[in-house]
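The values are calculated or read from the model by the stated rules, or taken from the named source; none is laboratory data. This is a predicted model, so every value here is computed, not measured. Cβ: placed from backbone, ideal geometry, glycine included. Neighbour counts: every protein chain shown. Each accessible area value is taken on the protein alone, full model and side chains, heavy atoms only, with ligands, DNA and RNA left out. Shrake-Rupley method; radii C 1.70, N 1.55, O 1.52, S 1.80 Å.
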Amino acid sequence: MIAKSIQQIKTKLGERARLIAVSKTKPISSIMEAYEAGHKIFGENKVQELCEKYESLPKDIEWHMIGHLQTNKVKYIAPFVQLIHGVDSLKLAAEISKQGEKNNRKIPCLFQMHIAAEETKFGFSEHELLELLQQGVINELPGITWCGMMGMATFTDDTGKIRQEFKNLKQIFDTVKKEFFSHQSEFKEVSMGMSGDWPIAVEEGATLVRIGSAIFGER
Ligand SMILES: *Cc1c(COP(=O)(O)O)cnc(C)c1O
C-alpha cells in the first residue's frame, strides 16, 4: 500500500514538485517499505523522533525537519538535516547559523510564512520578513543557505480559500526572490501542500509537497 501510494503521487507530480514523505509517528518498518520502493526523502516534525530515525535508518535518506523547531534543539539535527522548513524567527535562524558553522556546513533552510487564517500557525508575515531582509540581518547568516519558503494553508473545505493562500505564498516567494535572492540559484523552493490539498498547491507552483497520511495512513 505505501509503495503504491508513493508511486501514484509521484506519477501525478511528474517533474513539477518533489515529494517529502511525512513519516512522523510512523514506525521504522513503514519507512523501510517506502525506502525499498525507492523513496529517499522523509519529513519529521519532532527533533527526538527525527534523531532516532536518522540513527537507525540507511544513511542515504534525506531528512527534512518540517515542524516547529525550538532553538535549544537545533544542535541535535544540525549535523545531518537536509532542509529545515520551519524557520520563523531571527532568533531561530541565528542559532541554526551558529550550529551550521560549528558543523562546517551551511544548513539549507526555508522561511516559514504565515498564510493561513488561523492564529495558531507559526510563521512570518510578509511585512516582518521584508523588514528583516531589508535590514540585512537574516539573509547574511554564514551558516545558512536560504532555499525558499514554506507555508500551510487554513484547514478548511473551502478550496477557493486554500488556493488563494497558496497563490499568496507563491507571490511572496517571487517578490523576495527578485528583491533579495535573484543571484542565488538555491533559492528556488516553495514548500506547500499536504495530503488534503497538495494538488492545488502544485497547480499554484509548489516545488516540494509534504504528504503523510495519504501515504502511511491516518495517524
Ligand atoms: C504532519 C504534517 C504534514 C503532513 O500532513 P498530512 O495531512 O498527513 O499529509 C505536512 N506538513 C507539516 C508541517 C506537518 O506537520
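Observations on the model:
- For the residues Phe181, Phe216, Phe187, Phe173, the requirement of being within 16 Å of the ligand (Cβ to nearest atom) and of a type in the set (Phe, Trp, Tyr) singles out Phe216.
- Inside region 23-67, residues that are in a helix (DSSP H, G or I), touching a Phe, Trp or Tyr at 6+ places or on another chain (Cβ under 7 Å) and more than 14 Å from the ligand (Cβ to nearest atom) make up a count of 3.
- Test: residue in region 71-84 that is surrounded by 14 or more Cβ atoms within 10 Å (Cβ to Cβ) and touching a residue at least 60 places away in the same chain (Cβ under 8 Å): yes
- Residues of region 177-219 satisfying the condition of being assigned to a loop (DSSP other than H, G, I, E, B), on the phi < 0 side of the Ramachandran plot and open to solvent by less than 60 Å² (accessible area, probe 1.4 Å): Phe181, Gln184, Phe187, Met192, Ser195, Asp197, Glu204, Ala206, Thr207, Gly212
- The set of residues from region 68-90 being over 13 Å from Lys46 (Cα atoms) and in a loop (DSSP other than H, G, I, E, B) comprises Ala78, Pro79, Phe80, Gln82, Asp88, Ser89.
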